[in-house]
Protein chains: 2
Amino acid sequence: MAKKKATIQDIARAAGTSVSTVSRVLTGNAPVSDAKRAAVERAIAQLGYRPSLIARGLKMSKTFTIGVVINDITNPFYSMVVKGAESEAKACGYSLILCVSNENPETELHQLQMLHDKQVDGIIFGPTGHNTEFIRSLAARIPMIQVDRYLPDLQSDAVVVDNEGGAYQAVKLLTQRGHRRIGLVGWQIGITSEDQRIAGYCRALEDAGIPCDPHLMSTSPAFAPETMPAMVETLLARRPRPTAIFTINNQFGIVAMQAIRQAGLNIPDDVALVVFDDLAVFALTSPAISAVAQPAYEVGQRTVQLLLSRLKDDGEAPPQLIVLPTELIVRESA
Amino acid sequence: MAKKKATIQDIARAAGTSVSTVSRVLTGNAPVSDAKRAAVERAIAQLGYRPSLIARGLKMSKTFTIGVVINDITNPFYSMVVKGAESEAKACGYSLILCVSNENPETELHQLQMLHDKQVDGIIFGPTGHNTEFIRSLAARIPMIQVDRYLPDLQSDAVVVDNEGGAYQAVKLLTQRGHRRIGLVGWQIGITSEDQRIAGYCRALEDAGIPCDPHLMSTSPAFAPETMPAMVETLLARRPRPTAIFTINNQFGIVAMQAIRQAGLNIPDDVALVVFDDLAVFALTSPAISAVAQPAYEVGQRTVQLLLSRLKDDGEAPPQLIVLPTELIVRESA
DNA sequence: TGTCATTTTGAAATCGATTTCACCGGTTAG
DNA sequence: CTAACCGGTGAAATCGATTTCAAAATGACA
């Protein structure tokens, strides 16, 4: 029963023709007489033949595979990005190799190397940190689209959201409601998305004539999830206490919500809260959390679209930076 | 700068030896003199050579790639399963091709076919529905581990959680607290995981001497997310109203929470709620939701481990069903 | 020093496809 | 009537590795 997989040779033999002809009906890029074509198709159906994509990939140096390197697939934002990307890729006949780098530059490097070795047609990449010679040379060899964040000094496309504008809107909501002591919690680890959110926070404050007070910015220069609660607590311990908090991502938002509650404070009466990066459940907590929503699915889609268009261009279209709009969703927490 | 990628031929030439020798130092499965080895290694370093995994894959019929087909990557359970799987795979030198089937049997079929065509070494698979001749024949050709759910009549390994036991504990909690009219919401679409949860619900009722009343079971025989709110509402409209609800998954849990609130009812005083499949935010809603937690990360890990062990066995170890325990987390909603 | 066993080595076959090239027969054009 | 062209075909080269096989180099031993 479990017979060896049929090869193109077997088809040629069964159809009484040559492998060249079989290949021609397979790829359809050269004329074949109706008689031969029929014979070949019959043989294919009969033997249940499927061409080896590996052999084809070797010969054509095309694998119809896209590599994806992201930090955390359990982050709802990224999993939605991946969903969008997978859907678009699938529709165009590509598949995705998923790599999770866990914010670890070394892991990231190994994975990029591996994707290169597997000769993926392109790479979608949410960089953990700083540029390296290796990344630069890789970007020169393989079409690479950065997603969510980007390395400013890397000559390469990127698809991101309007982080600065989203944060600006969020904090503006707070200033408009009269808040003047607005805290910020987040990482400051040299990643564009987060830096831009901080920039938006500062601009909104300045627009309202409020100086940007470093004492109200609780940021950490290193990624260390276990310190998140303490970071919020320091902020709540400031006197006078901030009357509102803006968190740079939803994880900090959840931590903040918990910390504020544990401090016996009420949201939004004692401390208002606005979070960057919306979650479905933010509509269901009480109070419901106001948040900046990102078009994650569309980010994934557009990233793949841009990558596939680069595969066609091949050549020298200049790198493009696509910025998708965010949306501020006002609920009860502010 | 962007020179062609070096091949094994180039290395052989640069090192003044033959491709055979280069291959031997690469794979290390035949002795090579120290002099030649040094020369080859120097050439490799100098030219920045990396062996083509495609060519190697063709010759050795081994791709070090695992295909994963799941229903929804944005479901936190699955994304955690994938995280565990990716981590384990990465540690063993494998990578993952991720396919999302969206509960669509046709999509699933295409993806399985594609994975086969790409000659993945094995497949991890959360089946959408019923067995087919194609799946059966595929499972005979490629090592295939089912995850989360399984096709009972398919001769193949599976890694799942104790759905029946988890649901039993959840509902037992409710009966112990005196509830006698306990509603159930969920799909009943012939998928083992969900069927088993329903079975656990029934067993817990019977254990408490409560008959299993179909009027209190709001199930749908087809997957249709848009009907979820209505399904909960029918249950809440029953008179006398159920005093507790068990939902078969967390999506239904969120919908139920919303519906109960909108009906102006209080959780847990008017209606208690226990949900299968915990979410991090269930600890933060108010009331916090009691839920059955699944060891998702471990499911992913174990699945890959089992798959890799099958790649070694190759032969005829009988199919194995690994059942991991769940944990009931009691919070405020029941 | 000659023989035999043991390492090393390279030429060539192989994996399964695509593609070039030469060729054949039949129109069509000049 | 010959030249040019074109649709259709198969033999052979190619993609970039591994592996077999036989030859060459080395070492051991009598």
Quiz prompt | segment A:80-173: C-alpha pair distances exceeding 18 Å, % | solution = 51
Practice problem: Could you work out the local net charge near A:G300, counting Lys and Arg as +1, Asp and Glu as -1, over the other residues with Cβ closer than 11 Å to its Cβ? | Solution: -2
Self-check item: Only Lys, Arg (+1) and Asp, Glu (-1) charged, at Cβ; chain A dipole about Cα centre in debye
Solution: 1500
Quiz prompt | Debye log10 I(q)/I(0) for segment A:42-91, one point scatterer per Cα, at q = 0.16, 0.21, 0.30, 0.32 Å⁻¹ | solution = -0.69, -0.83, -1.05, -1.10
Exercise. Note down the magnitude of the dipole of the protein assembly as shown about its Cα centre, charges +1 on Lys and Arg C-beta and -1 on Asp and Glu C-beta and zero elsewhere, to the nearest 20 debye.
Key: 2040
Quiz prompt | Sequence-separation-based contact order of chain B, relative, with Cα cut under 8 Å and 6+ spacing, percent | solution = 17
Quiz item: Rg (Å, one decimal) plus Dmax (Å, integer) for the alpha carbons of segment B:288-334?
Solution: 16.0, 50
Quiz item: Could you state the principal axis extents of the C-alpha atoms in segment B:30-145, from the largest down, to the nearest angstrom?
Solution: 60, 31, 20
Quiz item: Whose amide H sits under 5 Å from the amide H of B:D278, counting only residues 5 or more places off or on another chain, with H placed in the peptide plane?
Solution: B:V292, B:A293, B:Q294
Practice problem: Please give the helix B:163-176 orientation as an angle from the longest Cα principal axis of chain B, in degrees from 0 to 90, rounded to the nearest 10. | Solution: 30
Quiz item: Roughly what % antiparallel, to the nearest 5, for the DSSP beta bridges in the protein assembly as shown?
Solution: 10
Quiz item: So which residue, out of A:A280, A:A55, A:A12, gets the largest mean-square fluctuation from a GNM of chain A using Cα contacts under 10 Å as springs?
Solution: A:A12
Quiz item: Hey, what's the Cα Rg ratio for the protein assembly as shown versus the globular rule of thumb, 2.2 N^0.38 Å?
Solution: 1.07
Quiz item: Roughly how many whole Å is it from the C-alpha centroid of segment B:219-239 to that of segment A:253-301?
Solution: 28
Quiz prompt | Fraction of beta bridges assigned by DSSP in chain B that are antiparallel (%, nearest 5) | solution = 10
Quiz item: What would the Debye formula give as log10 I(q)/I(0) at q = 0.17, 0.23, 0.27 Å⁻¹ for the alpha-carbon point model of segment A:8-51, no solvent?
Solution: -0.34, -0.65, -0.91
Quiz prompt | Over segment A:220-278 - Rg/Rh using Cα atoms and the Kirkwood inverse-distance radius | solution = 0.94
Quiz item: Can you give me the Cα centroid spacing of segment A:1-65 and segment A:134-185 in angstrom?
Solution: 48
Quiz prompt | Qualifying lysines (Cα of each under 29 Å from Cα of B:K4; at least 8 residues distant if same chain) | solution = A:K59, A:K62, A:K118, A:K312, B:K36, B:K59, B:K62, B:K90, B:K118
Practice problem: Output the antiparallel fraction of DSSP beta bridges having both residues in segment B:181-334, as a percent to the nearest 5. | Solution: 15
Practice problem: For chain B, just run the numbers: alpha carbon Rg, then divide by 2.2 N^0.38 Å, N being how many residues it has. | Solution: 1.30
Quiz item: Looking only at A:S61, A:S286, A:S33, which one moves most when chain A is put into a Gaussian network model with springs between Cα atoms under 10 Å?
Solution: A:S33
Quiz prompt | Percent breakdown of C-alpha pair distances by 10 Å bin, ordered from the shortest bin, for segment A:184-334 | solution = 10, 35, 32, 14, 7, 2
Quiz item: Per-residue ellipticity at 222 nm for chain B, helices alone: DSSP H runs ≥ 4 residues times -39500 (n - 2.57), over residue total, nearest 500 deg cm²/dmol?
Solution: -14000 deg cm²/dmol
Quiz item: In terms of modelled amide H atoms, which long-range or inter-chain residues lie less than 5 Å from the amide H of A:M217?
Solution: A:L184
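Each reported figure results from applying straightforward, stated rules to the coordinates on display, with no laboratory input. This one's a predicted model, so the numbers in the text were calculated from it and none came from an experiment. Ideal geometry is used to build each Cβ from the backbone, glycine not excepted, and the neighbour counts take in all protein chains shown.
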